[in-house]
Amino acid sequence: MNPNLRKRMLGLLFMFFFCFLGSAAAGEVSNPLMPNELRLFEGEHARIESALPVLAQVSVDRPDVVQLGGNAISSAANVSFGKGKPLLLSSQSAGEAHLHMKLFGQIPLRTVKVNVIPDLKVIPGGQTIGVKLKSSGILVVGHHLVSTSGNSKQSPGEKAGLQLGDRITHMNGIELKDVKDVASIVEQAGKQKKPLEVTYKRGDHVHRTSLSPVFDEQDKTWRLGLYIRDSAAGVGTLTFYAPQQGVYGALGHVITDMNTQTPIVVGSGQIVESSVTSISKSENGEPGEKRAHFIKEGRVLGNIEQNTDFGIFGKMSTNPEHSLYAEPIPVGFAEHVKEGPAEILTVVSGQKVERYSIEIVHVSTQNAPQTKGMVIRITDPRLVNKTGGIVQGMSGSPIIQNGKLIGAVTHVFVNDPKSGYGCFIEWMLQDAGVMVKSGQGKNLKAS
C-alpha cells in the first residue's frame with residue numbers, strides 16, 4: 001500500500017475512534033467526552049463509559065494512586081475498555097497518575113491524567129454576618145472645591161493628580177492607618193506652609209506627588225479638597241467554615257467602594273454576629289435587601305484577611321452558632337455540578353438558618369476561576385413569598401446538591417429576581433487557602 005495512503009487511513013481511523021470516546025462518572029461527575037484529566041477525592045470511584053467499537057487496553061503508571069477495577073495490580077497490568085465494557089477506577093492515595101490507552105495493545109490512543117486529592121470536607125454556613133472592613137490606606141472617593149481668599153475655589157488634591165480610587169498610604173513619610181490621622185498632618189503642613197509629600201497606590205503601582213493644603217475661609221480649617229474614606233460595613237452570608245484549616249469564606253463576590261466601584265484592599269476587618277430584622281422584597285427592576293443589625297456585644301466570628309473576586313476570607317476558630325451542620329460535608333468540584341434541583345441555606349428572619357429549594361438551570365465550563373459559574377433559580381414558594389427571590393445580603397448563601405457543597409449565591413438578575421448567578425465552591429476554597437490555586441502543583445494545601 002502507498003505510504004501516504006496508509007497514513008491517511010490511519011488518521012481517519014484515529015478520528016473515528018476518538019468520536020466514540022464516551023462519558024466519565026466519578027461519583028456525580030459526568031462529561032460529554034472522555035476528558036484529558038480527571039479529579040478524584042481519596043476513596044472515590046469513577047466509572048468511564050465508551051462507545052468505542054473495539055476494545056482498548058488501559059494501564060496505569062501509579063497503582064498506588066489509582067487502581068483499575070478496584071483491585072490491587074502491578075503497574076504493568078492492564079484492562080480492556082470499550083463499548084459494553086466500562087473502565088472502573090478506584091482512587092487510593094493523594095497524587096497524580098496517568099492512564100495509558102492503546103488500541104490493539106499497540107497504537108497509543110490517549111493518555112489521561114488522574115489527580116487524586118485528599119478527602120476534603122467543610123461545614124456549610126448560611127448565617128447572616130456583619131462585615132466591618134478597613135482599607136489598607138485612605139481611599140480617595142471624590143474631589144471638592146475649597147473656598148479660599150479672594151472668593152476663588154480649588155481642589156488641591158485634584159491639582160496634585162490624585163484620582164478616585166487612589167489609596168493614600170503615607171503623608172510626609174507617616175503611614176496612614178486611620179482616616180482620623182489625616183487632619184492633624186494636614187493642619188501642621190498648612191500652618192508651616194509646606195507641601196505634603198503624598199505616597200499613594202493606583203492599582204498595583206506606587207506613586208508620589210506633592211500636595212499643598214489650602215485654608216478654607218468658610219470652615220476656618222486646612223483642606224485637601226478630597227473626600228476620603230477608610231472603612232466599609234454591611235451584611236452578607238457565611239458560605240463555609242473549614243475546621244481543619246481554621247478558615248472561612250463568605251459573600252461569594254468582592255466588596256467594592258460604593259463611590260469608586262474599586263475593590264477595597266484589606267487593611268483589617270472582622271465578621272460579627274448579625275440578625276435579620278426585616279426584608280425588602282425584590283421586584284422586577286429593583287432588587288430587594290435584607291435589613292439586619294449587628295448584635296450588640298455580639299461575638300466576633302473571625303477576622304478579614306482577603307477581599308477577592310470570590311468573597312472575603314480569614315481565620316475562624318469555631319463553627320458559628322445556628323449552623324444546620326455539626327460535622328463537615330463533602331465538597332463538589334465544578335464537574336460534579338449538574339443542572340437540576342439543589343438547595344441554598346440562608347436566613348430571612350432573626351438568626352435561623354433554613355433550607356430552600358432552587359433549580360440549577362445552567363452550568364458553565366470553567367478551567368480557570370470565573371465568577372459566573374452557574375445560573376440558579378429560586379423555586380421554593382416560601383422564599384419567593386418572603387423575599388421575592390434573591391435579595392442583597394443573600395450573597396454567599398451556600399448551594400448544596402446531592403449532599404455536597406458546590407457553590408455560593410453571588411448575584412441577582414435585576415429584571416428577574418428569582419434568578420441569579422452562583423460561583424463554584426472550589427474557587428472560594430482556593431482563595432481561602434484550603435486548596436492550592438491552579439498551576440501551583442498539588443490540589444490541596446496541607447493542614
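The values are calculated or read from the model by the stated rules, or taken from the named source; none is laboratory data. Just so we're clear, the structure is a prediction, and the values are computed from it rather than from any experiment. Reconstructed Cβ throughout: ideal geometry from the backbone, glycine too, with neighbour counts over all protein chains shown. Side chains are part of the model used for accessible areas, which takes the heavy atoms of the whole protein and leaves out ligands, DNA and RNA. Shrake-Rupley method; radii C 1.70, N 1.55, O 1.52, S 1.80 Å.
Panel note: the C-alpha atoms of the chain, placed on their principal axes, show extents of 98, 57, 41 Å (largest first).
Label separation (Arg299 vs Lys281): 3.5 nm, computed from points 7 Å beyond Cα along the C-beta direction. In this rough spin-label picture, where each label sits 7 Å from Cα along the Cβ direction, the Lys121-His45 distance is 1.9 nm. Between Lys180 and Gln370, the FRET efficiency from the beta-carbon distance, with R0 = 35 Å, is close to 0.35. Take the Cβ atoms of Arg208 and Ser149, set R0 to 22 Å, and the FRET efficiency comes out at 0.15.
Extension gain, Ser136 to His100: 0.36 nm times the residue separation minus the Cα-Cα distance gives 7.9 nm. Annotation: per residue accessible area for the chain equals 47 Å², rounded to a whole number [probe 1.4 Å, protein chains only]. Ellipsoid fit via the Cα gyration tensor, the range 34-168: semi-axes of 64, 20, 13 Å, each the root of five times an eigenvalue, largest first. The mean sequence separation of alpha-carbon pairs under 8 Å and at least six residues apart, normalised by the residue count of the chain, gives a relative contact order of 14 percent.
Under the classification rounded if a/c is under 1.5, otherwise prolate if a/b is larger than b/c and oblate if not, where does the range 265-324 fall, given a ≥ b ≥ c as square roots of the Cα gyration tensor eigenvalues? Verdict is oblate for the range 265-324.
Distance between the pseudo-spin-label points of Lys159 and Lys194 (7 Å out from Cα toward the beta carbon): 2.0 nm.
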